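Taken together, the values in this text are just the output of simple stated rules run on the coordinates, not laboratory data. Because the structure is a prediction, the values reported are computed rather than measured. Neighbour counts are summed over all protein chains in view; Cβ atoms, including those assigned to glycine, are modelled from backbone coordinates with ideal geometry.
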Amino acid sequence: MRYFLAVAMMLGVLLLGVVGFRDTTTRRTPIEVFPDMDRQPKLRPQAEDAFFADNRGSRRPVEGTMARMTPMTMGASGSSELVYGYEDLPVNTGHLTGVTNYVENIPLTVSGELLERGMGRYQINCQPCHGALGDGNGITRKLGMVVVANLHDPRIIKMPDGELFHVITSGRNLMSNYAAQVSVKDRWSIIAYIRALQRSRLASIDDVPEQLRSTLTK
Ligand code: HEC
């Protein structure tokens, strides 16, 4: 009997413990069995915080942070014309504004500076596959990628510059796109360099200054 009472009392306490005080309110600190990250050290926006010397919870952007909407300067360096990435302009899309026709020519001022930039970007992003000469004999051919386009193909020579821009931006057939790696202005600089590569094979004797012609070997 004594055991029965003891067990009954313990069960009673247990029952009260589990369901007894549900829904009651108290001003005392609750007992926390699982704190569940209720309290965490963190910064709140627009609030004070003693963690930093200036007591500000909101921090200024790190120096050198780029805004997503940084406009691009058109033309050669020093040109003050600015273009934002969302504008429907040939320089952003490779198309004439409002239609789907490709632009025929690079919509930036092509300068020596742009060409030099293009050479560097070409060597980094395109040369592994298309080769230093643009003939499709990059290092990847030795590794088994045999279908890389020869950029001296008459079909590619005749392509409008906007179409080349489209190939870099969106990829084509087996070639993947390089929009993430190559900025808009750099894409045009690469196109300028590809045109220089193509021209280098299409030049005639008339393109060589007269006093240098005798130095050419046949
Ligand atoms: C990983 C290898 C690789 C890299 C890097 C690469 N390409 Fe290509 N590219 C290819 C292959 C493969 C093809 C042929 C695609 C096909 O026709 O299936 C091709 C095709 C092309 C074509 C011809 C498209 C057509 O209409 O036939 C152009 C133009 C071109 N690439 C330009 C570039 C430029 C510019 C870059 C640098 C930004 C670049 N490629 C980087 C592999 C590459």
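Values as computed for the structure displayed
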{"item": "Residue in region 187-198 that is more than 9 Å from the ligand (Cβ to nearest atom), exposed (fewer than 14 other Cβ atoms within 10 Å of the Cβ) and in a helix (DSSP H, G or I) present", "result": "no"}
{"item": "Hey, Gly57 touching a Lys or Arg at 6+ places or on another chain (Cβ under 7 Å) and either within 30 Å of Tyr86 (Cα to Cα) or surrounded by 10 or more Cβ atoms within 10 Å (Cβ to Cβ) (or both) or not", "result": "yes"}
{"item": "Residues within region 162-182 that are among the hydroxyl-bearing types (Ser, Thr, Tyr), without any contact (Cβ under 8 Å) to a residue 40 or more places away in the chain and outside any helix (DSSP H, G or I), tallied", "result": "1"}
{"item": "Only one of Asn125, Asn92 that is surrounded by fewer than 19 Cβ atoms within 10 Å (Cβ to Cβ), under 20 Å from Gly171 (Cα atoms) and away from the ligand (no atom under 16 Å from the Cβ)", "result": "Asn92"}
{"item": "Selection from region 136-145 of residues that are within 9 Å of the ligand (Cβ to nearest atom) and surrounded by fewer than 19 Cβ atoms within 10 Å (Cβ to Cβ)", "result": "Thr140, Met145"}
{"item": "Region 97-128, subset in contact with a strand residue (DSSP E or B) (Cβ under 8 Å, 6 or more places away or on another chain) and not in a strand (DSSP E or B), residue nearest to Val184 (Cα to Cα)", "result": "Val103"}
{"item": "Identity of the residue in region 163-186, over 25 Å from Leu82 (Cα atoms) and under 16 Å from the mean Cα position of the chain (by Cα), that ends up surrounded by the fewest Cβ atoms within 10 Å (Cβ to Cβ)", "result": "Ser176"}
{"item": "Residue, farthest from Gln198 (Cα to Cα), within region 151-161, restricted to residues that are assigned to a loop (DSSP other than H, G, I, E, B) and within 9 Å of the ligand (Cβ to nearest atom)", "result": "Met159"}
